[in-house]
């Protein structure tokens, strides 16, 4: 004989609802409250040989405490800290607990979502690549670009191996030469993706212009 889901253990379910209501009234009457915050994840102790390529940026936490404490809680007062010291290259799953939450002691964490964060780490790679100036526009009528010289012509980059292996050239920001009729010296920034690092941010570009015959 089929059991009715609603009537099965009815008294137990009613008691659970009653206790939940009592608890809610207790929390409200004692000057306590609950808030939900999106908290940024901080990653510490990154191994020098590794780079993060995929990571969780935020987690949601439910915080309970006195209303006056919760109302004065700033974003800087709470953080989620993930220690990467023992992480390996590849896909990693890190379990979060209340120990990962840094916040005032008189507040209580009642829930963390998600309870795990997925991380993808890769070996860090270094490589030297060439630099290409990006030129837009044209000199004044009757003039032409004779020569373009850049310094340095090559730079050392580093980052996740999957990204570095397929990077062969770094381009500069666009350099507009519209209407020029004399030589131009310009410092151009490199157009670099966030995961690529280099010690050089600007390239010196010398453009020589000649008059057409």
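Before moving on, here are some points about what is shown:
- Residue match in region 157-167 (condition: under 30 Å from residue 143 (Cβ atoms) and modelled with pLDDT of 90 or more): no
- Filtered residues of region 199-210 (kept if in a strand (DSSP E or B) and either at pLDDT below 90 or surrounded by 15 or more Cβ atoms within 10 Å (Cβ to Cβ) (or both)): 203, 205, 207, 209
- Residue match in region 107-119 (condition: touching a residue at least 60 places away in the same chain (Cβ under 8 Å), part of a strand (DSSP E or B) and more than 21 Å from the chain's Cα centre (by Cα)): yes
- Residue in region 55-63 that is surrounded by fewer than 16 Cβ atoms within 10 Å (Cβ to Cβ), under 30 Å from residue 161 (Cα atoms) and either out of contact with any helix residue (DSSP H, G or I) (no Cβ under 7 Å at 6 or more places or on another chain) or assigned by TED's automatic domain parsing to the domain that holds residue 158 (or both) present: yes
- Members of region 145-164 found to be exposed (fewer than 14 other Cβ atoms within 10 Å of the Cβ) and part of a strand (DSSP E or B), listed by number: 146, 147, 149, 151, 154, 156
The values are calculated or read from the model by the stated rules, or taken from the named source; none is laboratory data. Note that the coordinates shown come from a computational prediction; the quantities given were computed from them, not determined experimentally. We place every Cβ from the backbone using ideal geometry, glycine too, and count neighbours over all the protein chains shown.
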